[in-house]
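The values are calculated or read from the model by the stated rules, or taken from the named source; none is laboratory data. Quick caveat: nothing in here was measured; it's all calculated off a predicted structure. Glycine also receives a Cβ, built like all others from the backbone with ideal geometry; neighbour counts cover every protein chain displayed.
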Amino acid sequence: MLRHVSRHPTSWQRVVGLQSLLSTTAAGRWPALSHRVQDIPHQSHTKQQLEPCQVKMRVTPLLVLTLSGMSALPADLFREYHYVDIPKTWADAQRYCRDVYVDLATVQSPAEHKRLMGIVQPSGKQAWIGLSDNLISWKWTHGNVKFNNSADYSNWKPGQPDNKDSNESCVVMQHDGLWRDENCLTDRPSVCFDGTKSKHILVDTFMTWNESKTMCRSVYTDLARVRSFDENEKIHPLLSRNAWIGLYRRKWAQWSDQTPRRFRNWDVGQPDNSGGTMRSCAAVHTSTGKWWDSACEEKLEFICQTLLPPRSRFQLRVQSEADLSQPAVQQQLLEQLRAELGARGLTDPRLRWVQTDGRTFHPETGRKAGPGN
Ligand SMILES: [Ca+2]
Ligand SMILES: [Ca+2]
């Protein structure tokens, strides 16, 4: 088995493995092998038997080469889960996972959920996974700009935002100019911004936050973005009751490893922020597999992840007449494989043969060597 990891300047990892299975002798030319390597489909953790290469070679002996190639972009990484039965707060669990493994577990698909449940004992306990909902990832609709909590102007009412019932991710301005987060489905008037006249307009029709955004964008420019005390002072005298402005956040938006959330598996009624905390963290119920949110300070067992490059395995059969036990022939084969892997986008693959039983190639059993096999 040959393995090499070539590190890209970023976190890319490209790994190539080669495993030779069969041997006897082979010729020094490998045109069809090259062709086959290029034809290899890219699959994760599968073993593929390819049809024998119909190599037009001069002599008969048959060899089979199994190529186990791994090539990975970050998005392709295979998550391996590790259960840790030491109760910790979510933040301490995250620290532990980052120290000992890679991060808290991310679950992005039903397949990953199934794999995660495969390493969990159904104890009825809850175990932290890497999902959390914090109250700092706000954005303005106008310009789709991120809200910088430490630098940007804000005018939160004391105690807000509080994400009540884990269900508040849109912002209203009160008539006194203070801001609060509310359930986006509540019907409220809206404060739109008209960019052509550079003024704010109160629309007194009651709408959900999304309806308000659509209306403001179609009739004016967007929901109001409030960037300064002066702007806030201009707007709130327009109001007689709470009205939507353009500040919002995506709930449970990303995992601890920064992956945007695509998959969810909440239990009925969850998440509910029942702890009433500013931040909620997600745990998987070890018996049902459903997710619950809990106060992040609660101490639970947890699940970490490591990342592996996806693996593909292929089998090639080549007829040839050269003696594969000859180092020069093996070297020539490697060179050709290296060129083909390079053509498949594997940068700087470094390959070498690894011997078992003192040999690199091993005869295939039950197959008669000969032309056309
Ligand atoms: Ca609130
Ligand atoms: Ca809960």
If you check H236 against the conditions, is it out of contact with any Cys (no Cβ under 9 Å at 6 or more places or on another chain) and surrounded by 17 or more Cβ atoms within 10 Å (Cβ to Cβ)?
yes
Just to be sure before I move on: is V120 aliphatic (A, V, I, L, M) and within 27 Å of S240 (Cβ to Cβ) in the structure I sent?
no
Is there a residue being among the hydroxyl-bearing types (S, T, Y) and in contact with a strand residue (DSSP E or B) (Cβ under 7 Å, 6 or more places away or on another chain) anywhere in segment 213-223?
yes
Taking D181, is it within 16 Å of ligand 1 (Cβ to nearest atom), assigned to a helix (DSSP H, G or I) and either outside the structural domain of W292 (by TED's automatic domain parsing) or surrounded by 12 or more Cβ atoms within 10 Å (Cβ to Cβ) (or both)?
no
Would you point out which residue out of W244, W266 is more than 16 Å from ligand 1 (Cβ to nearest atom), modelled with pLDDT of 95 or more, of a type in the set (A, V, I, L, M, F, W, C) and under 19 Å from S169 (Cβ atoms)?
W266
Could you tell me whether segment 237-259 includes any residue that is under 28 Å from the mean Cα position of the chain (by Cα) and within 16 Å of ligand 2 (Cβ to nearest atom)?
yes
Filtered residues of segment 282-309 (kept if of a type outside the set (G, A, S), near ligand 2 (Cβ under 10 Å from one of its atoms) and under 19 Å from H82 (Cβ atoms))
W291
If you take the residues of segment 146-160 that are in contact (Cβ under 8 Å) with a residue 40 or more places away in the chain and not polar (S, T, N, Q), which of them is farthest from ligand 2 (Cβ to nearest atom)?
Y153
So V145 ticks every box in (1) among the aliphatic types (A, V, I, L, M); (2) within 30 Å of L300 (Cα to Cα); (3) surrounded by fewer than 19 Cβ atoms within 10 Å (Cβ to Cβ) but one. Which box is left unticked?
(2)
Somewhere in segment 189-206, is a residue closer than 30 Å to A105 by Cβ, touching a Leu at 6+ places or on another chain (Cβ under 6 Å) and either among the aromatic types (F, W, Y) or more than 16 Å from ligand 1 (Cβ to nearest atom) (or both)?
no
Counted residues in segment 249-261 being of a type in the set (K, R) and at pLDDT below 90 come to 2
Please enumerate the residues belonging to segment 194-219 that are of a type in the set (K, R) and surrounded by 11 or more Cβ atoms within 10 Å (Cβ to Cβ).
K199, K213, R217
Of (1) surrounded by fewer than 15 Cβ atoms within 10 Å (Cβ to Cβ); (2) assigned to a loop (DSSP other than H, G, I, E, B); (3) within 16 Å of ligand 2 (Cβ to nearest atom), D165 satisfies every one except (2)
Given the conditions (1) in a helix (DSSP H, G or I); (2) farther than 27 Å from Q270 by Cα; (3) over 25 Å from the mean Cα position of the chain (by Cα), and given that D99 satisfies all but one, which numbered condition is not satisfied?
(3)
Of the candidates V219, V191, the one satisfying the condition of being under 20 Å from K139 (Cα atoms), in contact (Cβ under 8 Å) with a residue 24 or more places away in the chain and either in contact with a Gly (Cβ under 9 Å, 6 or more places away or on another chain) or assigned by TED's automatic domain parsing to the domain that holds Q160 (or both) is V191
Look at segment 260-273 and say how many of its residues are touching a residue at least 40 places away in the same chain (Cβ under 8 Å) and within 16 Å of ligand 2 (Cβ to nearest atom).
4
Looking at G159 and the list (1) modelled with pLDDT of 95 or more; (2) outside any helix (DSSP H, G or I), which single condition is not satisfied?
(1)
Select from segment 109-153 the residues that are touching a strand residue (DSSP E or B) at 6+ places or on another chain (Cβ under 7 Å) and part of a loop (DSSP other than H, G, I, E, B) and list them in ascending order.
I119, V120, K125, S137, T141, F147
